[in-house]
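Q: First the structure, then my questions, so here it is.
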Amino acid sequence: MPKKKNLNKILVIGSGPIIIGQAAEFDYAGSQACRSLKEEGLEVVLVNSNPATIMTDVNIADRVYIEPLTVEFLTAIIEKERPDGLLATLGGQAGLNLAVQLAESGALEKFNVELLGTSIKAIKKAEDRELFKETMEKIGEPIPESTIVEDIHAAIDFANKIGYPLIVRPAYTLGGTGGGIANNEEELFEITLRGLKYSMIGQVLIERSIAGWKEIEYEVMRDGNDTCITICSMENFDPVGVHTGDSIVVAPTQTLTDQEYQLLRSASLKIIRALEIEGGCNIQFALDPKSQNYYVIEVNPRVSRSSALASKATGYPIAKVSVKIAVGYTLDEIVNAVTKKTKACFEPSVDYIVVKFPRWPFDKFVYADTTLGTQMKATGEVMSLDRSFEGAILKAVRSLEIGVNRLHMDKMDEWDDEKIRKRLSRIDDERLFLIAEALRRNIATPEEISDITKIDRWFIDKIKNITDMEVRLQKGELNAKTLREAKLIGLADKSISELTGVHVDEIRNMRKQFKILPVYKMVDTCAAEFEAATPYYYSTYRGEVDEVEVSNKRKILVLGSGPIRIGQGVEFDYCSVHSVWALREAGIEAIIINNNPETVSTDFDISDKLYFEPLTTEDVLNIIDKEKPEGVIVQFGGQTAINLAASLAEAGVKIFGTSVDDIDRAEDRERFDEMLTELKIARPKGISVTNLDDAIIGAQNIGYPVMVRPSYVLGGRAMEIVYNEEELRDYMSRAVKVTPDHPVLVDRYMQGTEVEVDAISDGVDVVIPGIMEHVERAGVHSGDSIAVYPPQTLPSKVIYTITDYTKRLALALNVKGLLNIQYVVADGKVYVIEVNPRSSRTVPFLSKVTDIKMVNVATRVALGKTLKELGYYSGLVEPKPYVAVKAPVFSFAKMQDVDISLGPEMKSTGEVMGIDYHYARALYKAITGAGMNIPKHGCILFTVADKDKEEMKQLARAFSELGFKIVATEGTAKALHSIGIDAEIVGKVHQRSTDIIQMIKLGKIHMVVNTQAPGKHIAKDGFRIRRATVELGVPCLTSLDTAWEVMRVLTFMRDRRLVYSLAIQDYVGGGDALA
Amino acid sequence: MKGKLVLQDGTVFRGQLFGGANATTEGEVVFNTGMTGYQEILTDPSYCRQIVTLTYPLIGNYGTAKQFNQSRKSFVGGLIVGEVCEKPSSSSMQKTLAEFLIAEKISCLYEVDTRALTRKIRSSGTMKGVIVSEYTSQGTIDEMMALPIRKNVVEMVTTPVSYTLDAPDGAPYVVTVDFGIKKNILDALRKLGCKITVVPAKATAEEILALNPDGIFLSNGPGDPKDVPNAIREVKKLIGQRPIFGICLGHQILALAMGADTYKLKFGHRGSNQPVKNLETGKVAITAQNHGYAIDEKSLAGLPVKVTHISLNDGTVEGFRHTQLPISSVQYHPEAAPGPNDSVHLFDEFIFNMQRFKP
């Protein structure tokens, strides 16, 4: 029972789609919150537009609304559900902003909804720069000299007064969007203008830059009785100047004396009290390394990425405790979930070191600016634990899945000393590796490196311990002693193999022979002071005693999906969690390995045992040696887990579900082609080549345009459409390293309708829960397309063929569990593009809309149940009477220099869903939920490639008939004039009076339809136009298909109400079918 | 060189012995869960002759500096850690931890699985242990193990002679009985403007009252409070004479002087994260603690005493006050160093009491 007696029903706002700065941590926080509320006997109403989350599962909340996170929709839901309380501090900045808007709009008052936890007043005190400054001044906590400006002149005046460098931060944004460091007036001008635009309230803060100071964070909690505690301290490896989301972070602080630690801790408590926060909050400080001077940098009055990290780092469930506080408990009334004996009112003490490492999307955005600053760029992160910094940082690095297993990047081998030295001052994603290289080659001393980078000497010396060990391994002989020392430092077998030339299997054998084995320690919040019940472990070579109690129950290992990156998002965590649940339901002990601190899967009460470890063959095998599970499930952890299947199988581990050989048959081009030939299923003509000449000949035979990509990829990495030989040559030299081991695939590019299917097979029957049709034609990556369930335009014959092909492919590949197939339909004919014998990005979406627990069924099938036993029959499940649309969400605002036009390379970071009985409204919801602000009237700019001009004419006419004013660039306008549309001609960039960029900036253009000319050579003007739309939040449609759908939505919405919402439970239950 | 810790029950924990074969030691093995403040711990006289295990594995990261010393020297029996940082980094650093250990002649066993050791102590209770070289004979180990736990630890750490820390006229005047006082207590009192005379543990009530203080402070210190019967006797005489404030051992001695009883905890409270609930406000403060003994709550029945603070972890008494007289004490360390400063206001209350009851 909650302490507050008036509460029965609580509304929880989620954080919406995954974007840079707001990732899976809010699924973790939100689902923990919902479970915690249910524990109190409360009815939970959840709103979140993101279908890929655990929190939008019907078993997490009583009423789940997958609807756009806008004031209009939220108000409608509140009116309908009449909750007693609203919990807004668990949905990230998005949830918090929405709560503020709901309060300001009067909706909360009107429907008598109490905001639980931190009050609006407190939120504003922390979020509004002026109020925050005032509050800090009142309690004597130092903040850097600063000013709030609402225009550029005030910014320049301030700069003239205090000088440069200055930090510019917009108020009320995500992940520091639009901020930056200005070193001169020109930069100040640019960054301030951008910041003003991004701030929800048109304010930016300009302050003295304290770049180079130590950045320290505290996670603090306060209850309604004013009891305050700190959960975790964190020290950023990167000094102030790099966004904490882009910093390597360690916990607890390492280089602070007790005096410094307590100084900042006391300040934290003072601040949380002054702000009157009830629940969790994150406070960031800058500490002068040379004195005890400090500044308060920022306060987040809510659960955050850092609090998810702190929860995983210490075992203390911050979100859960925040919820209990919000419903009226005090900290000393809440039980410590870890020890089950002590109370939640204590400060965790850890006896290990935690390293968090960001995962950046620069492997996808090859043209992006890789330097790091105050604007966050990472899409995800990994965490590692060990009893030494060296061990922890090495674990973190090999968890990243960026092709490195130690602090070494192959490409730097080719850099001369001068280049290395020069680059040390550059702050980018590779700096840690560069520092290691400089130490390895003795280019600079730790002291010099620390002087240049301002990274504390302590860290640099630790890195040197690692590189010194590497040098010793390289020079000396590998024996029991050196091997032991190398493992104590934390080097992977694979790294030792690279350095010594001894085969990795041999090293593993040596380790076993000399008993050089890791022990597993527990994360227990209290440094072993009390007995704990948490089944949460990490490995270390620095210890003698292993604490894991291996049970003799039937047990199975589930591999997680590692860090969130483009192409592998929260969807795979959803799948891993469901697989774990399915195992537990079947009475099997479920063990999970994962390294992502943001996720639900690494919540310690999800599985029977959680190993927080890198997902590499060595690390996984060590756990298997220890636990001796019956086998491993790899099909739910995305490509991360699939990639481990072969090496695990080779080591004699049983892989449940589809066999490794069959996985290979789907992924290996030649074997896949062979199978298709046998099955008489067509695929776009294509070949696999291992050198440039073969590629050129092959492409000629197939006919341009062709789609080129390296084999074995996820998320369309380095995939491009090339239109001629010149572009092909360019691609082969620039984008891929083609070798006999790494062939490149050249396929005919077919402009058809793309269709995606997820199915479950047991080897006899094949169930197809649903088919999704993509709005954008083939060529746009499936993850970036709008997907519609059920298909709206496919003829039944095509659906029949797809059903048939899916069944035959599943059976031919002996799939046991899930598979995902992508088809292209051109001229009524169905072609297979690819088959993934694993769970896919669309599984959570499809599971939710079809009400089929796909992962649960697939897990049981992988373990040997038949579909018939589970009550399923072969074939396509009858489509539901409603429509669900999945729309991609991009983080372009965070990534300058990235072209937003869509292509075969995936660019989206997240997704939203729109669901409705009407297709157009489902689409409207999806597009709105994705943050696209479709104008209902105004001016649309058309500027399209020649190949699209014909098709564009009808589209423009349709928009014109809807009353939009049409403007166009010269060529496009001519085409429009030819059919009698009065399109005003606007100039290309730099033609003064009608400069498009200027028009966009001045708000004269409300939507842009822009398609790129064939070829990859970046048309500079187009790029600048597209970027301008991102910067100013103007919708920009880069595919005519998307534009057509938008037009349809606009047409439909003219005579319908825009806001209509229904819980998922109602849709799948079939109630309220009349919209 | 290779070394080991042998516990009374025969359990062995291996590591590296710092300082060579002669750096052997014996004492009661305890653990502290603080993640910072190793130097303050090493110089806290309350750890006199104890072998301190630090549960945080990376120790020595910021070196050492004179300003953090809590007493004139380190009295610990030994130190057990995971890793001694070889290259510390801090602008305040004067010596590395290794240099400090050498200077203070502290024997140290490192590269130890301190978590396993902590779990052992947690489940079996604090016990005697010896740190020796891997090659020390069993006979020597047995001999060392047979040495009794010392009872005269207060005598070892207290100031041999009285001394006064002056303050301007009219300042509240505190006589502090030094059972092993931490420097930060004196600093806290001085910060509040007190004049302080520190007297040895063996000072009599008459000697103390002869100084005519405004209040009397009973300090922290090592060991079993029952091992200082003289102090208990003298404190009994002080009750009712002046406002009294006690911390840690001083708190236990005060309780015994008032007729209560104390007992030994299984493995004590040692760390910077100990939650203490103030029963008068309902608020909880995070405190630094270092005690192996506690007041038996049952023994307080019938005494003019009110329990004001309890440990949230195990419910033991963490503070009490006299129901009529300006006498109070706490088991934990409001002076911090190491640890949180959440309870530093207790010193203000003491000053307030002194002023209120000024004779």
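Read-outs: derived from the displayed coordinates by stated rules, not from any lab. Everything numeric in this text was worked out from a predicted model, so none of it was measured. Glycine also receives a Cβ, built like all others from the backbone with ideal geometry; neighbour counts cover every protein chain displayed.
Q: Based only on Cα atoms, what mean projected area does the convex hull of segment A:520-656 have, in nm²?
A: 8.2 nm²
Q: Anything over 29 Å Cα to Cα? Flag those among B:73/B:358; A:907/A:949; A:894/A:1001, in the order listed.
A: B:73/B:358
Q: Straight distance only, please: which lysines reach the Cα of residue A:481 with their own Cα at less than 16 Å, same-chain residues fewer than 8 apart left out?
A: Those lysines meeting the cut-off are A:512, A:515, B:2.
Q: Within 13 Å, Cβ to Cβ, of residue A:289, how many net charges do the neighbouring residues add up to if Lys/Arg are +1 and Asp/Glu are -1?
A: Computed value for this residue: -2.
Q: What fraction of the DSSP beta bridges in chain B is antiparallel, stated in percent and rounded to the nearest 5?
A: Close to 60 percent.
Q: Also, quick follow-up: Mean separation of Cα pairs under 8 Å and 6+ residues apart, divided by the residue count of chain A: what relative contact order is that in percent?
A: Value for chain A: 10 percent.
Q: About its Cα centre, how strong a charge dipole does segment A:9-118 have in debye, to the nearest 20, once Lys and Arg get +1 and Asp and Glu get -1 at the Cβ?
A: Charge dipole, segment A:9-118, about its Cα centre: 60 debye, nearest 20.
Q: Could you put A:939, A:228 in order, starting from the residue whose Cβ has the fewest other Cβ atoms within 10 Å?
A: A:939, A:228
Q: Sticking with this structure for a sec: Would you pull out the residues with amide H under 5 Å of residue B:287's amide H, same chain only if 5 or more places away, H placed 1.01 Å from N?
A: B:274, B:276
Q: Oh, and also: Amide H of residue A:381: which non-local residues (sequence gap of 5 or more, or other chain) have their own amide H closer than 5 Å, using H built in the peptide plane?
A: HN-HN under 5 Å from residue A:381: A:359, A:564.
Q: So what is the relative contact order of segment A:923-976, in percent, for Cα pairs below 8 Å that sit 6 or more residues apart?
A: Relative contact order comes out at 42 percent.
Q: Next question, about the same structure. Modelled label-to-label distance, residue A:936 and residue A:549, 7 Å Cα→beta-carbon offset: nm?
A: 6.4 nm
Q: What FRET efficiency, computed as 1/(1 + (r/R0)^6) with R0 = 35 Å and r the Cβ-Cβ distance, is obtained for residue A:413 and residue A:726, rounded to the nearest 0.05?
A: 0.65
Q: Would you mind getting me the FRET efficiency between residue A:896 and residue A:704? Use the beta-carbon distance for r and R0 = 22 Å, nearest 0.05.
A: Computed FRET efficiency for residue A:896 and residue A:704: 0.10.
Q: Counting Lys and Arg as +1 and Asp and Glu as -1, what is the net charge of the other residues whose Cβ lies under 11 Å from the Cβ of residue A:178?
A: So the surrounding residues net to +2.
Q: Take the eigenvalues of the Cα gyration tensor for the protein assembly as shown, scale each by 5, and report the square roots as semi-axes in whole Å, largest first.
A: Semi-axes from the Cα gyration tensor: 59, 35, 30 Å.
Q: Magnitude of the Cβ-charge dipole of segment A:67-215, K/R +1 and D/E -1, about the Cα centre, nearest 20 debye?
A: Dipole size: approximately 240 debye.
Q: Report the trypsin sites (Lys or Arg not before Pro) located in segment B:181-279 that are in a DSSP loop and have at most 16 other Cβ atoms inside 10 Å of their Cβ, or state none.
A: Answer in residue order: B:202.
Q: Could you please state, rounded to a whole Å, how far the C-alpha centre of segment A:232-292 is from the C-alpha centre of segment A:591-658?
A: 34 Å
Q: When Lys and Arg each count +1 and Asp and Glu each count -1, what net charge do the other residues less than 13 Å away from residue A:405, Cβ to Cβ, add up to?
A: -3
Q: Starting from the Cα of residue A:71, step 7 Å along the direction of its Cβ; do the same at residue A:962; then give the gap between the two resulting points in nm.
A: Between residue A:71 and residue A:962, the label points sit 2.4 nm apart.
Q: Continuing with the same structure: Students often get this wrong, so check it: of A:3/B:306; A:341/A:521; A:320/B:277; A:312/B:182, which have C-alpha atoms separated by over 24 Å?
A: A:3/B:306; A:312/B:182
Q: Now, a different point. For chain A, with only Lys/Arg (+1) and Asp/Glu (-1) charged at the beta-carbon, what is the dipole magnitude about the Cα centre, in debye rounded to 20?
A: For chain A, the charge dipole is close to 1060 debye.
Q: Please list, by residue number, everything in segment B:209-248 whose backbone N is under 19 Å from a paramagnetic label point 7 Å out along Cα→Cβ of residue B:307.
A: Only B:246-248 fall inside the zone, counting backbone N under 19 Å.
Q: In what order do A:918, A:742 fall by count of nearby beta-carbon atoms within 10 Å, going from fewest to most?
A: Ascending Cβ contact count within 10 Å gives the list A:742, A:918.
Q: Under 5 Å between amide hydrogens, which residues at least 5 positions from residue A:64 or on another chain qualify, with H placed 1.01 Å from N in the peptide plane?
A: Excluding prolines and chain starts, which carry no amide H, the hits are A:46, A:1064, A:1065.
Q: Any chance you could give the angle, 0 to 90 degrees and rounded to 10, that helix B:345-356 forms with the longest Cα principal axis of chain B?
A: That helix lies at roughly 30 degrees to the long axis.
Q: Take the Cα of residue A:104, step 7 Å along the line toward its Cβ, and report every residue of segment A:138-165 whose backbone nitrogen sits under 19 Å from that point.
A: A:148-151
Q: To continue, here is another question. Over segment B:118-231, what is the mean sequence separation of C-alpha contacts under 8 Å (at least six apart), divided by residue count, expressed as relative contact order in percent?
A: Here the relative contact order equals 29 percent.
Q: Say a site is exposed when it is one of the GluC sites (Glu not before Pro), sits in a DSSP loop, and has at most 16 other Cβ atoms within 10 Å; what is then the longest site-free stretch of chain A?
A: No qualifying site falls inside A:151-413, the longest such stretch.
Q: Something else now. Which percent of Cα-Cα pairs in segment A:910-1053 sits in each 10 Å bin, short to long?
A: All Cα pairs, binned at 10 Å, distribute as 12, 43, 35, 10, 1 percent.
Q: How far apart, in nm, are the 7 Å Cα→Cβ label points at residue A:484 and residue A:1004?
A: 7.8 nm
Q: Take B:356, B:115, B:49 and order them by how many other Cβ atoms sit within 10 Å, fewest up front.
A: B:356, B:49, B:115
Q: Once the piece of chain linking residue A:870 and residue A:977 is laid out straight, how much longer is it, given 0.36 nm per residue of separation minus the C-alpha distance between them?
A: Taking 0.36 nm per residue and subtracting the Cα distance, the gain is 32.4 nm.
Q: Which helices, counted as full DSSP H runs in chain A, have an axial Cα extent of no less than 27 Å and a Kyte-Doolittle average of 1.6 or above?
A: Answer set is empty.
Q: To continue, here is another question. Counting other Cβ atoms within 10 Å of each Cβ, which trypsin sites (Lys or Arg not before Pro) in segment A:5-110 have at most 15 and sit in a DSSP loop?
A: A:5
Q: Expected output is a single nm value to one decimal: the length gained when fully extending between residue A:678 and residue A:426, i.e. 0.36 nm times separation in residues minus the C-alpha distance. What is it?
A: Length gained between residue A:678 and residue A:426: 85.2 nm.
Q: List the longest stretch of chain A that has no exposed loop site; here a site is one of the chymotrypsin sites (Phe, Trp or Tyr not before Pro) assigned by DSSP to anything other than H, G, I, E or B, with at most 12 other Cβ within 10 Å.
A: Result, exposed sites excluded: A:368-872.
Q: Which of the three applies to segment A:82-128, rounded, prolate or oblate, going by the alpha-carbon gyration tensor with a ≥ b ≥ c and a/c under 1.5 meaning rounded?
A: Since a/c reaches 1.5 and a/b is larger than b/c, the shape of segment A:82-128 is classed as prolate.
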